[in-house]
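Right, one structure below, let's go through it.
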Amino acid sequence: MNQRQRAVCFAHRGARGHAPENTLLAFALAFDLGADAIECDVQRSRDGELVIIHDGTVNRTTNGAGAVAALSCDELAALDAGRFPRIPQRIPTLEETLNLVRERGGAINLEIKGESVEDSVGTARAVEPILRELDEPLRSRLLVSSFELPAVALLKERLPWLRVAALYSGREWQKQDMLAPALAMDAEAIHPGVGLTTAELVAQAHAKGLRVNVWTANRRATIRKLLAWDVDGLFSDYPERVIIARAQMAALEAR
Ligand code: G3P
Ligand code: MG
């Protein structure tokens, strides 16, 4: 089996092209569609519960308003997170999400979020006890990442068994070395945005023993291009597109 056939399909915020993002429905649907893994974003409620939501506020994705960090776990749980498309859903907790992944036998990329580097480090500190309690096979199926690299480095330091990745976005990284920070914290992968990814970057990362998982690839042509560059994983709102492209390319290569 070559690299293209092995490329991991991460359902970005669940299958968010088909179900409300970062909800249990989106995660279950992702696995139903054949995704290998889900990607989700974790942050803290006012009372310290770890909840799965992307933005710093609940305004876009729920029927409520306000900062996630200003709302209690109960207040967040009372909101309807089923806006796009309109299917009633709750904001899940980290524990609920991990339970679903465990039940489905899948994998998960947990992205540590925060409003600043310090806040993200705070999220990482809060996540640590939950990760520490994980057992196999979930431990091996978990990959933790963050744009705020100190948050990831802290977790890797405290939990040496943890698989971690350095997440990158922003043009400034076009001119900076994305490999060195990942190697410095013993990451297994870099997670560059599509716009930061080139065939050269993939080859250079592989030469250093780093995997390359790229976000967010939704266009079929983009998915095919990245697979042709031998990326190790793709994040997509439409996981079925990755699965189909992967199978089509494998079939062509087998001819
Ligand atoms: O982890 C990949 C991707 O989710 C990072 O960007 O903004 O969608 O969390 P964002
Ligand atoms: Mg994310």
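Considering the stretch 77-94 alone, what residues qualify as being in contact with a helix residue (DSSP H, G or I) (Cβ under 7 Å, 6 or more places away or on another chain) and not polar (S, T, N, Q)?
Scanning the stretch 77-94 gives Ile87, Arg90, Ile91, Pro92, Leu94.
Looking at the stretch 112-156, which of the residues that are part of a loop (DSSP other than H, G, I, E, B) and within 23 Å of Thr57 (Cα to Cα) is nearest to ligand 2 (Cβ to nearest atom)?
Step by step, filter the stretch 112-156, then rank; the result is Lys113.
Output the number of residues of the stretch 161-175 satisfying the condition of being surrounded by 13 or more Cβ atoms within 10 Å (Cβ to Cβ) and not in a helix (DSSP H, G or I).
8
Tally the residues that are more than 16 Å from ligand 1 (Cβ to nearest atom) and crowded, with 20+ Cβ neighbours inside 10 Å, restricting the search to the stretch 123-153.
2
Just to be sure before I move on: is Leu210 modelled with pLDDT of 95 or more, within 16 Å of ligand 2 (Cβ to nearest atom), more than 23 Å from Ala247 (Cβ to Cβ) and not acidic (Asp, Glu) in the structure I sent?
no
Considering the stretch 93-106 alone, what residues qualify as being within 16 Å of ligand 2 (Cβ to nearest atom), among the hydrophobic types (A, V, I, L, M, F, W, C) and in contact with a Phe, Trp or Tyr (Cβ under 8 Å, 6 or more places away or on another chain)?
Of everything in the stretch 93-106, just one residue is within 16 Å of ligand 2 (Cβ to nearest atom), among the hydrophobic types (A, V, I, L, M, F, W, C) and in contact with a Phe, Trp or Tyr (Cβ under 8 Å, 6 or more places away or on another chain), namely Val101.
Those residues that are assigned to a helix (DSSP H, G or I) and over 15 Å from the mean Cα position of the chain (by Cα), I need them from the stretch 91-111; list them, please.
Glu95, Glu96, Asn99, Leu100, Arg102, Glu103, Arg104, listed by residue number.
Every residue in the stretch 197-239 that is within 12 Å of ligand 1 (Cβ to nearest atom) and either not in a loop (DSSP other than H, G, I, E, B) or not small (Gly, Ala, Ser) (or both), please.
Hits for the stretch 197-239 are Asn213, Val214, Trp215, Thr216, Asn218, Gly233, Leu234, Phe235, Ser236, Asp237.
Is at least one residue of the stretch 53-64 closer than 14 Å to Thr97 by Cβ, part of a strand (DSSP E or B) and modelled with pLDDT of 95 or more?
Scanning the stretch 53-64 turns up no residue that is closer than 14 Å to Thr97 by Cβ, part of a strand (DSSP E or B) and modelled with pLDDT of 95 or more.
Look at Thr97 and say whether it is among the hydroxyl-bearing types (Ser, Thr, Tyr), closer than 27 Å to Thr57 by Cα, away from ligand 1 (no atom under 16 Å from the Cβ) and crowded, with 19+ Cβ neighbours inside 10 Å.
Here the answer is no, as Thr97 does not meet what is asked.
Exactly one of (1) surrounded by 13 or more Cβ atoms within 10 Å (Cβ to Cβ); (2) over 19 Å from Leu227 (Cα atoms); (3) more than 16 Å from ligand 2 (Cβ to nearest atom) is unmet by Val202. Its number?
(2)
Test Thr222 against the stated conditions and say whether it is hydroxyl-bearing (Ser, Thr, Tyr), surrounded by fewer than 18 Cβ atoms within 10 Å (Cβ to Cβ) and either away from ligand 2 (no atom under 16 Å from the Cβ) or closer than 21 Å to Leu154 by Cα (or both).
So Thr222 does not fit the description; no.
Output the number of the condition that Arg46 fails; it satisfies all remaining conditions of (1) in contact with a strand residue (DSSP E or B) (Cβ under 7 Å, 6 or more places away or on another chain); (2) surrounded by fewer than 21 Cβ atoms within 10 Å (Cβ to Cβ); (3) of a type outside the set (A, V, I, L, M); (4) free of Cβ contacts under 8 Å to residues at least 60 places away in the same chain.
For Arg46, the failing item is (1).
The values are calculated or read from the model by the stated rules, or taken from the named source; none is laboratory data. The structure displayed is predicted, hence computed values, not measured ones. All Cβ positions, glycine included, derive from the backbone under ideal geometry; neighbour counts span all protein chains shown.
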